[in-house]
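Every number in this text was worked out from the coordinates using simple rules, so none of it is lab data. Since the model is a prediction, treat every value here as computed from it, not as a measurement. As a convention, Cβ positions derive from the backbone with ideal geometry for all residues, glycine included, and neighbour counts pool all protein chains shown.
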Amino acid sequence: MSEIGFYHLTRSTLEQALPRLLGRVLALPARALVLCAGPERLRALDDALWTCAEPDWLPHGTAEPEAQPIFLTLEDAPPPNGAQHLFLTDGAESAHLALYARVFDLFDGGDPAAVEAARRRYAAARAAGHALAYWQQTAAGWERKA
């Protein structure tokens, strides 16, 4: 089973928070797959990863997945880039959670519907036997909550 972390965005947008989390994955070193819920989000994240200040270089792409340390996609499939880490955005869900060592489910704390949907995903992941963690943004950074 995978370790699934639910990341409650309360102080920044996804475009602001995702680059730092991806930078930590690359530093392991490991590969990541970012599953986007729609083409607009995919384009926005692609742009954000090219222009982020920290880290200043996040090698990624939306084509030729086998060559991408970070692959952004709309398709839920086994990781075509050999990723060990899966990032789920905007409520995207994957049927392949068990193929990843770690899953990051990022959701907007300012959107009540997104929070409720994350609660449902959390309950489903718990029922499936995954190891779970809940992280919330604070002034000091990410804080793990009970």
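Brief remarks on what is shown
- A DSSP coil position with no more than 16 other Cβ atoms inside 10 Å describes the following trypsin sites (Lys or Arg not before Pro) in region 3-89: 11.
- Loop-located chymotrypsin sites (Phe, Trp or Tyr not before Pro) in region 44-83 (DSSP state not H, G, I, E or B) with no more than 11 neighbouring Cβ atoms inside 10 Å: 57.
- Paramagnetic reach from residue 93 in region 1-32 [backbone N under 15 Å; point 7 Å along Cα→Cβ]: none
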